[in-house]
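Worksheet: one structure, shown below.
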Amino acid sequence: MGRTAILRDRVARLKGLSPARMRNAWLLWQSHRRAQREPSCQGPLMPPGAMPMSLSIEPTTSCNLRCPECPSGLRSFTRKTGLAKVQDASAWIHGMAESLVYCNLYFQGEPLLHPQLEGLIDTCRGHGIYASTSTNAHHLTAKRAQSLVEAGLNRLIVSIDGATQESYASYRIGGQLERVLEGTGHVLEASRSAQRGTHVVWQFLVVKPNEHDIPEIQRMAREMGVHELVLKTAQLDDPRDGHPLLTSHREHRRYDRDEASGKWVLRNPLKNECWRMWQGAVATWDGNVVPCCFDKDASHVMGNLNRESMKAIWHASAYDAFRRQVTSNRQGIDMCTNCSEGSHVYA
């Protein structure tokens, strides 16, 4: 790990800021601030020419693991499971290329289960859009690592939630730590030999069974030469006394025990504001647009990119009404009540 690698990655994100994209980002920010000052303002909240500056695309809802707080792992979706069609998803990116700065090629599921993920990365690269994805690394073979790097992947987040097989598998159920380490090695090697490498991030989700592993995972990251390590607090659907994942140390969790009620509550003031509603959107594998990554079961569909443009969806009355609800009564939206926007996310 090193500051140079992190700085290089942050600079790479900014390289996609063409004059048109900078103007668009400024429009979004100004609109967001106006919505805070004048939540009851007349007319649409979103300026006519503004478009999302980031897009998350879900390659698939399928996953090879069974993590206990994840709908993919629990197989608990009410929506269909499937694979994004690369031709369709590439068309979504093409249609938004003038405004997009950042594309997250993940939402729910394991992205590397999509055999043509590199096609989407290549589309982003062709438009100068920073491309990122996240993986549990069980399908990160030497060949796949090489193809991801060659396609132009800017950032790869590898979930590594334990320093031993026992602590890792307590959350990543069905997973093998050895395969995560091997996969990390493959992509680091491919990046070293490439003209333009991939920034490799280890993401350590801190839960009770692995909390004691933090010093060791920091040592392992330095030893392997991982570019960046982030410690992330966990989202829990039902935080309570005795919860098997609730950490002992306050700095490693998002929740506090309310002394009056005895209940565990999110450490988040839930202000009536959310930058996510202005800067980007999420597209499910089949093209449904939802407001953010907390809408995991796609309960708030704003439109479908296979039937209408993002411009039409982004400026539709349904999206405007949702933004207004966020700026007037965010606590009244179920998915927002456990949201990380404004929470203590990184330990």
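Things worth noting here:
- So TYR255, is it free of Cβ contacts under 8 Å to residues at least 40 places away in the same chain and of a type in the set (Phe, Trp, Tyr): yes
- Members of region 100-126 that are in a loop (DSSP other than H, G, I, E, B) and open to solvent by 10 Å² or more (accessible area, probe 1.4 Å): VAL101, TYR106, PHE107, GLN108, GLY109, PRO115, GLN116
- Just one of (1) exposed (fewer than 15 other Cβ atoms within 10 Å of the Cβ); (2) in contact with a Cys (Cβ under 8 Å, 6 or more places away or on another chain) fails for SER56. It is (1).
- When region 81-95 is filtered for residues that are surrounded by fewer than 21 Cβ atoms within 10 Å (Cβ to Cβ) and within 16 Å of PRO111 (Cα to Cα), the ones remaining, listed by number, are THR81, GLY82, LEU83, LYS85, VAL86, SER90.
- Residue list for region 77-106, filter: among the small types (Gly, Ala, Ser) and over 18 Å from the mean Cα position of the chain (by Cα): GLY82, SER90, ALA91, GLY95, ALA97, SER99
- Test: residue in region 273-287 that is open to solvent by less than 60 Å² (accessible area, probe 1.4 Å), touching a helix residue (DSSP H, G or I) at 6+ places or on another chain (Cβ under 7 Å) and of a type in the set (Lys, Arg): no
- When each of GLY174, GLY95 is tested for being modelled with pLDDT under 95 and not β-branched (Val, Ile, Thr), the lone residue that passes is GLY174.
Quick grid of which residues meet (1) more than 30 Å from LYS263 (Cβ to Cβ); (2) in a helix (DSSP H, G or I); (3) touching a Leu at 6+ places or on another chain (Cβ under 8 Å):
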residue: LEU153; (1), (2), (3): yes, no, no
residue: SER167; (1), (2), (3): no, yes, no
residue: GLY183; (1), (2), (3): yes, yes, yes
residue: GLU211; (1), (2), (3): no, yes, no
residue: LEU231; (1), (2), (3): no, no, no
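- In region 36-49, the residues that are closer than 13 Å to SER328 by Cβ and part of a loop (DSSP other than H, G, I, E, B) form Cβ pairs under 7 Å with partners that are open to solvent by less than 40 Å² (accessible area, probe 1.4 Å) and not hydrophobic (A, V, I, L, M, F, W, C), at six or more places apart or across chains, as follows: PRO39/THR327; LEU45/SER31; LEU45/ASP320; LEU45/ARG323.
- Checking each residue in region 185-207 for being of a type in the set (Gly, Ala, Ser), within 15 Å of ILE157 (Cα to Cα) and assigned to a loop (DSSP other than H, G, I, E, B) picks out only GLY197.
- Condition met for GLU69 (in contact (Cβ under 8 Å) with a residue 12 or more places away in the chain and open to solvent by less than 10 Å² (accessible area, probe 1.4 Å)): no
- Single unsatisfied condition, ARG192 versus (1) open to solvent by 40 Å² or more (accessible area, probe 1.4 Å); (2) modelled with pLDDT of 95 or more: (2)
- Among the conditions (1) surrounded by 15 or more Cβ atoms within 10 Å (Cβ to Cβ); (2) over 18 Å from the mean Cα position of the chain (by Cα), the only one that GLY49 does not satisfy is (1).
- Hey, SER72 modelled with pLDDT under 95 and within 16 Å of the chain's Cα centre (by Cα) or not: yes
The values are calculated or read from the model by the stated rules, or taken from the named source; none is laboratory data. In this text the structure is predicted, and so the values were computed from the model without any measurement. All Cβ positions, even for glycine, are placed from backbone atoms using ideal geometry, and neighbour counts span all protein chains on display. Just the protein is used for accessible areas: all its heavy atoms, side chains included, with ligands, DNA and RNA removed. Shrake-Rupley method; radii C 1.70, N 1.55, O 1.52, S 1.80 Å.
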